[in-house]
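Nothing in this text is a laboratory measurement; each read-out follows from the coordinates by a stated rule. It should be emphasised that the depicted structure is a prediction, and the values quoted were computed from it without experimental measurement. No Cβ is skipped: glycine too gets one built from the backbone with ideal geometry, and neighbour counts run over all protein chains shown.
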Amino acid sequence: SCVRLYIDDNKLYWHNSDEISIFAGTTKNLKYKFEGETGSRTGKFSCVTSNTSGGTALDCNYAIYPYSALTTMLASGNIEYSLSSSQKYAENSFAPNANIMVAATEDTDNTHFQFKNVVGYLKLQLYGNNTSVKTITLTGNKSEKLTGNATITASFDKEPALTLDDNATNKVTLNCESAVKLSSDSAKPTEFWFALPPVTFSEGFTITVTDSDGN
């Protein structure tokens, strides 16, 4: 599987299969696909939703990456989105579709979206002898909320905000479809990335690594 919206040298780059939700002046969720080349920092998106009518009017345009048919825009301008408790491993990058970003324009006439990150990253660097990783589970030691239904507030020229609801869960698992063999060199460890909501692990966190033999 391809790695969408990937990171390189601390910069984000689009993939030509990336899709976003756009709320073009209404609460109707429209799917748009990236038209540019993989490796681009900017580009155009084209609408691939056949029925674009309906929804309640908004005072500006909103966008969120990645696209999900389940994403809902409220009349208040808040976005309801679900953060998965399972992320897929991607080499030297975060999981496909895990890097949630939002954008809001100044008004409905503006169609230039400047995306801002909703989540942050935790990069683990592991090494070992003859060890292949199958899953890594991360849990905050104070039961911090990490996944589940969230409300995202996006505003023009402001940083977004994310709030997880009361039923949010306190762990997230990184799954390696094919077990990833760890580097044996401590100077060049193997990287595993988590995309996480803004959170302070005031008492630290715990990671549980399961190898290909289930240990």
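Computed values, structure above
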read-out: Coil-residue trypsin sites (Lys or Arg not before Pro) of the stretch 13-86, DSSP, other Cβ within 10 Å capped at 15; value: 41, 44
read-out: Shape of the stretch 43-119, Cα gyration tensor, a/c cut at 1.5; value: prolate
read-out: Loop-resident sites, the stretch 110-190, for trypsin sites (Lys or Arg not before Pro), counting at most 11 other Cβ within 10 Å (DSSP); value: 158
read-out: Length released on extending from residue 179 to residue 129, taking residue separation times 0.36 nm less the Cα-Cα span; value: 16.6 nm
read-out: Translational diffusion of the stretch 96-207, µm² s⁻¹ [Kirkwood Rh, Cα pairs; Stokes-Einstein; 4 °C; 1.567 mPa s]; value: 80
read-out: Loop GluC sites (Glu not before Pro), the stretch 1-90, which have at most 15 other Cβ atoms in a 10 Å radius of their Cβ (DSSP); value: 35, 37
read-out: Rough spin-label spacing in nm, given labels placed 7 Å along Cα→Cβ, for residue 161 and residue 78; value: 1.0
